[in-house]
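Here is the structure we will look at, set down as structure tokens.
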Amino acid sequence: MEPLTLKIPPRLAAELEAFARSRGASRSAVVREAIKEYLGRARTPSPASCLDLARDLVGTVEGPRDLATNPRHLKDYGR
């Protein structure tokens, strides 16, 4: 394995030590796992819009097709 040296604040070092101890792992193992998880999430792009988040729901609801544009449906909206 490649060695890596980094500086962290004392409070974070204490948290890391306590977490590693509670898991029965070394600090290095915990940091390796955290980096793997972080990089895995960073490689997976997050959805860019509400449409991306709700894409699987599009078309599953029945109702008027012109709900957002027909003035008849917009009467008294927001009052």
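Computed about the Cα centre, the dipole magnitude for the chain is approximately 200 debye when only Lys and Arg (+1) and Asp and Glu (-1) carry charge, each at its Cβ.
Quick one: work out Rg over Rh on the C-alpha atoms of the chain, Rh as Kirkwood radius. Mind dumping the intermediate values first?
On the way: Rg = 24.9 Å, Rh = 18.1 Å.
So for the chain, dividing Rg by the Kirkwood Rh gives 1.38.
Loop-located trypsin sites (Lys or Arg not before Pro) in segment 12-68 (DSSP state not H, G, I, E or B) with no more than 11 neighbouring Cβ atoms inside 10 Å: R65. The angle between the Cα long axis of helix 27-43 and the longest principal axis of the Cα atoms of the chain comes to about 30 degrees, rounded to the nearest 10.
Distance between the 7 Å Cα→Cβ label points at L16 and K36: 1.8 nm.
For the chain, the mean residue ellipticity at 222 nm estimated from helices alone is -15000 deg cm²/dmol, where every DSSP H run of n ≥ 4 contributes -39500 (n - 2.57) and the total is divided by all residues, rounded to the nearest 500. In nm, what is the difference between 0.36 nm times the number of residues separating T60 and R27 and their Cα-Cα distance? Length gained between T60 and R27: 7.0 nm.
Laboratory data are not the source of any read-out in this text; all were calculated from the coordinates shown. None of these values were measured; they are calculated from a predicted model. Cβ atoms come from the backbone with ideal geometry, glycine included; neighbour counts cover every protein chain shown.
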